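**Student:** Structure below; questions to follow.
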Amino acid sequence: MEKVSKRPPELVLNRLAFASSRILRDALKPRPRTREQLWLGRYFQKELLSEKIPDVSLRWVSDEIGWGVFAERNFSKMEFIAEYAGLVRRRRKGDLANAYCFEYPLEIGEWTPYLIDAEEAAGWSRYINHSDRPNLLSALATLEGINHIILYTNETISKGTELCYNYGPDYWKHRKNPR
Ligand SMILES: C[S@@+](CC[C@H](N)C(=O)[O-])C[C@H]1O[C@@H](n2cnc3c(N)ncnc32)[C@H](O)[C@@H]1O
């Protein structure tokens, strides 16, 4: 990945970290999983385990939006882009002020006490911006009993295009509307 910002090295984390062994044990408990999440885990197993960074670059989008992630080659549909990486921890007061939190579901459709916090311990995937017409999909994938939030291409993407996914209505409920 082309580095255009001087980020401290501890920001580079391309996988999940768990804030405590208790949370990891909870995440590993057997639970109902959908066929889709198991299939996605198998389909993208190699990419999830390799933590390889695809051909993308970080570019400044605007003062309002900040950094964004751009394709540095053409991508086909159904290519793995990234895992939403960060620290899995319990929710706490003040999370609404943190732009880098992604809900960490244990079971689809069920409330979860956890989220992935990419503010401090973060992967480059935290720089992917929101779009109402996204070229990436976010989904839950399960590999070796652990859930992962993955981002993969929803369509063919040309070199130079910004990569975006839809953050969902909950994200924007408490924030200024997206551009
Ligand atoms: C996960 S961060 C994305 C990376 C961010 N651009 C940065 O430089 O750190 C999410 C934040 O980026 C900004 N953002 C992302 N997509 C946006 C959009 N479509 N319109 C306006 N702001 C956006 C908002 O400030 C949002 O809270």
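The values are calculated or read from the model by the stated rules, or taken from the named source; none is laboratory data. It should be emphasised that the depicted structure is a prediction, and the values quoted were computed from it without experimental measurement. Cβ placement follows ideal geometry from the backbone for every residue including glycine, while neighbour counts extend to all protein chains displayed. Note: areas computed on protein heavy atoms with side chains; ligands, DNA, RNA excluded. Shrake-Rupley method; radii C 1.70, N 1.55, O 1.52, S 1.80 Å.
**Student:** What whole-number value in Å² describes the accessible area per residue of the chain for a 1.4 Å probe?
**Tutor:** Numbers: 10310 Å² over 179 residues.
Accessible surface, normalised per residue, equals 58 Å².
**Student:** Then there is this: On a full-extension model of 0.36 nm per residue, what is the gain between HIS174 and ARG22, subtracting their alpha-carbon distance, rounded to one decimal in nm?
**Tutor:** On the way: separation 152, 0.36 × 152 = 54.72 nm, distance 3.02 nm.
Value of the extension gain: 51.7 nm.
**Student:** How long are the semi-axes of the equivalent ellipsoid of the chain, taking √(5λ) for every eigenvalue λ of the Cα gyration tensor, in whole Å from largest down? Show your work: numbers first, answer last.
**Tutor:** Numbers: eigenvalues 118, 77, 52 Å².
Whole-Å semi-axes of the equivalent ellipsoid: 24, 20, 16.
**Student:** Please list, by residue number, every one of the trypsin sites (Lys or Arg not before Pro) in region 88-146 that is coil in DSSP and has at most 11 other beta-carbon atoms within 10 Å. Don't skip to the answer; put the middle values down first.
**Tutor:** Values: sites: ARG89, ARG90, ARG91, ARG92, LYS93, ARG126; in loops: ARG91, ARG92, LYS93.
The qualifying sites are ARG92, LYS93.
**Student:** Go through LYS52/LYS77; LYS29/LYS173; LYS52/LYS173; LYS46/LYS159; LYS52/LYS159; LYS52/LYS176 and tell me which ones have a Cα-Cα distance over 28 Å in this structure. List each step's numbers first, then the result.
**Tutor:** On the way: LYS52/LYS77 18 Å; LYS29/LYS173 32 Å; LYS52/LYS173 33 Å; LYS46/LYS159 24 Å; LYS52/LYS159 19 Å; LYS52/LYS176 33 Å.
Listed pairs above 28 Å: LYS29/LYS173; LYS52/LYS173; LYS52/LYS176.
**Student:** Please give the net charge around ILE157, taking every other residue with its beta carbon less than 12 angstrom from that of ILE157, where Lys and Arg add +1 and Asp and Glu add -1.
**Tutor:** Working: positive: ARG73, LYS77, LYS159; negative: ASP55, GLU72, GLU79, GLU155, GLU162.
Taking every other residue near ILE157 into account, the sum is -2.
**Student:** Moving on to the next point. Mind ordering 161-167, 29-35 by average Cβ neighbours within 10 Å, highest first?
**Tutor:** Values: 161-167: 18.7, 29-35: 10.7.
Sorting 161-167, 29-35 by mean packing, highest first, produces 161-167, 29-35.
**Student:** What net charge is computed for the residues neighbouring ASP170, neighbours being all others with C-beta under 14 Å from the C-beta of ASP170, Lys and Arg scored +1, Asp and Glu -1?
**Tutor:** Working: positive: ARG91, LYS173, ARG175; negative: ASP95, GLU103.
Result for the local shell: +1.
**Student:** I would also like to ask the following. Taking only Cα atoms and a 10 Å spring cutoff, compute GNM fluctuations for the chain and point out the largest among ALA85, ALA17, ALA97.
**Tutor:** Result: ALA97 has the largest fluctuation of those listed.
**Student:** Taking a virtual spin label 7 Å from the Cα of ALA139 along the C-beta vector, which residues in region 154-170 bring their backbone nitrogen under 11 Å of it?
**Tutor:** 154
**Student:** For labels at GLU107 and LYS46 in the simple 7 Å Cα→Cβ model, what's the distance in nm?
**Tutor:** Here the answer is 3.4 nm between the modelled labels.
**Student:** Using unit Cβ charges (K, R positive; D, E negative) and no other charged atoms, how large, in debye to the nearest 20, is the dipole of the chain about its Cα centre?
**Tutor:** Working: 28 positive and 24 negative charges, 70 e Å.
Dipole size: approximately 340 debye.
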